[in-house]
Amino acid sequence: MRTTMLRAVIAAAISGGVAVAGVALATGPAAADVVPVVPPPTAKHAMSSLSSVGDTVVDGVRHRMLISDSGAGRILAVNDDGTTAGEITGVAGVDGLLLSPDSATLYAAVTGDYSIVAYDAATLTETRRYPVSEGFRLNHLVLAAGKLWFSFTAYNGDGDVASLDLTDGTVTPLYASRGDMLTTGAPHLAASPAAPGRVAAAKGSEIWLFDVTGDTPAEVVHRSFSLDDVTDYRALAWSTDGTRLVASGAGGFRYFSAADLSPAGGGTSYRAPLIDVATGGLAVGVNTTWQDPTLSLYPPGSSDPARIYRFPMGADDYPEIVAMGWEPGSGRVFVITATVLGIDTLWVLGESPVTSTPPTTTPPTTKPTPTATVAPARSTPTLTITPSGTVNAYGTTVTVTAHLGTTYQNRTVDIRADPYGTDQADRSLRKGTVDAKGNLAVSLRLTRNTTLAAVFTGDARYAPRTVKSTVSTRVGVSTTVAKQYKTVSSYAYVHRTTNPRFTTAMTAYPKRKQKLMFERYSGGKWQAWRSSLLTLDSSGHSTYTLTGTHAVGVKYRVRAAYLPGTSGDSVNATTYGAYRYFIFAK
């Protein structure tokens, strides 16, 4: 959630006697039926004073709000009781913030040294720094199609969007493919796992939608709304189902179809409201100069609020909402108000996401009353991994693919491999963001039976899940015949007075045995004759010499086999080697 309300601006507007037109948000008769309520005292918490608010994110894992205080060159972490959890200092010009889907990494746009910096979200320690071109004033951050996207203002005032490859640090501005800058000043950005591969941008009265799944971003739709009642966009967000965009600006907020950006309802106010979207609906904060600021909670897609909170003015404090955001998963809303006296307050409103539940029948004189429901338990995501149940030759390289269905924010999957046996540990093959189709793939060379796993750690609305499959792998095995005096038509001819020697090479494994099996041709078919279980040496070899009285003219054949259990282990699949044929002669 982004805000840009500096305390100096508030002070000038109030102490300087400047009247800024504004009214409490209301949208028709239904809005008038909802009576604003004052938050309970238990929701109010004193907090560290801020010099400014650039951007905020709510960490649902650690129950705290992260705030970029660009005026002080710091990022402040505030617990849900108002106490300071920690801070990052020395980040001059810090603005946009972004929390990774798994809440493990915090990204910050730091214009002071023209970098996007990654921090451990738990400890607030820096983990990596990505340099960006000098002269870029960095603003909004989003994740889409496996890359971080950011907006910026260039030295000449033009604004554009660029991508950052988090693997190698490559920065690619949009103008590299378009040939010119997108707009004047950095546009607001929005991306959502519910709309994979899409990045939306808004500036002034224009909105763009880009497909960023390919090597070059493609403009899907672009529309201008200069004649609309809501312009000069200040914030942009996706609905949680990915079917709509919502933008706020001077005049209120508007919903837009994600298909063609056609308007689809909204609400009005003279001043640009703050907005944030959660599973349950839309939160809209509105400041005025002569009425109490309000926070309205709207059911999904609705233009009528289900609940309104009022933050009362005191004799000399004149509060304004400067930041707000839903806490993922809990349904709580974090709100920060500031006053001209330098008093900052955190409000944590412990409500569930709102849903509209009108009665089945409504008397003519009674209007439906939206009510709140408790947020449902986290859903189970679709997660698969392939291949599964296949039997492969030794050394085969397979493509392991994990597929993740719809989730809320986390689009990261860890593909893991656990080879059979005690000598190789479970390991990660690849951990990363799935593509626009929900897929993540990696190559694996098979040498033994392996359990594959796809691990999704969950997010605020989808539960963690792990799925597994097993791929089987045969051993490599071959047998050679020695001491023959000639070979004709694949038969090795051995003098009857000579004992032939058979050497088997098989994939090595500690204490492994191979079963050498002989057959002879009798009665018009091959019949088992004898066998021997032979221990392989450390390199996987064994030698067997066939002794005794040898029958002349009888056809024989021999092959080696790996049999799970019988061979001393079960780390590979049953494997039979090729037959070798021989015959005794005088």
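Here is how the numbers come out for the structure above:
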read-out: Residue match in the stretch 64-75 (condition: assigned to a loop (DSSP other than H, G, I, E, B), open to solvent by less than 50 Å² (accessible area, probe 1.4 Å), touching a Phe, Trp or Tyr at 6+ places or on another chain (Cβ under 9 Å) and more than 21 Å from P319 (Cα to Cα)); value: no
read-out: Selected residue (criterion: most open to solvent (accessible area, probe 1.4 Å)) from residues of the stretch 523-547 that are among the small types (G, A, S) and without any contact (Cβ under 8 Å) to a residue 12 or more places away in the chain; value: A528
read-out: Residues that are in a strand (DSSP E or B), within 25 Å of T470 (Cβ to Cβ) and open to solvent by 30 Å² or more (accessible area, probe 1.4 Å), drawn from the stretch 555-583; value: Y576
read-out: Filter result for the condition that a residue is part of a strand (DSSP E or B), more than 25 Å from W208 (Cβ to Cβ) and at pLDDT 90 or above, over L138, L106; value: L106
read-out: Enumeration of residues in the stretch 441-466 that are open to solvent by 30 Å² or more (accessible area, probe 1.4 Å) and in a strand (DSSP E or B); value: A441, S443, R445, T451, V455, Y462, R465, T466
read-out: Residue count for the stretch 229-249, restricted to those that are under 17 Å from T183 (Cβ atoms) and surrounded by 16 or more Cβ atoms within 10 Å (Cβ to Cβ); value: 8
read-out: Test result for G421, closer than 27 Å to K511 by Cβ, in contact (Cβ under 8 Å) with a residue 60 or more places away in the chain and surrounded by fewer than 19 Cβ atoms within 10 Å (Cβ to Cβ); value: yes
read-out: Residue tally, condition open to solvent by 10 Å² or more (accessible area, probe 1.4 Å) and either modelled with pLDDT of 95 or more or not in a strand (DSSP E or B) (or both), over the stretch 80-94; value: 6
read-out: Pairs with Cβ under 6 Å, 6+ apart, first in the stretch 227-246 and under 16 Å from A144 (Cα atoms), second hydroxyl-bearing (S, T, Y) and not in a strand (DSSP E or B); value: W238/S192; T240/T279; G242/S192
read-out: Residue among S103, S151 that is touching a strand residue (DSSP E or B) at 6+ places or on another chain (Cβ under 9 Å), on the phi > 0 side of the Ramachandran plot and crowded, with 18+ Cβ neighbours inside 10 Å; value: S103
read-out: Listing of strands (runs of 3 or more DSSP E) fully contained in the stretch 151-198 that carry 1 or more residues being under 26 Å from A278 (Cα atoms) and of a type outside the set (S, T, N, Q); value: 158-164, 188-190
read-out: Residue, modelled with the lowest pLDDT, within the stretch 275-320, restricted to residues that are open to solvent by 30 Å² or more (accessible area, probe 1.4 Å) and in a strand (DSSP E or B); value: D276
read-out: Qualifying residue in the stretch 476-490 (condition: among the hydroxyl-bearing types (S, T, Y), open to solvent by less than 70 Å² (accessible area, probe 1.4 Å) and at pLDDT 95 or above); value: yes
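The values are calculated or read from the model by the stated rules, or taken from the named source; none is laboratory data. These numbers were taken from a predicted model, which means no experiment stands behind them. Note that each Cβ is placed from the backbone with ideal geometry, even for glycine, and that neighbours are counted across all protein chains shown. Each accessible area value is taken on the protein alone, full model and side chains, heavy atoms only, with ligands, DNA and RNA left out. Shrake-Rupley method; radii C 1.70, N 1.55, O 1.52, S 1.80 Å.
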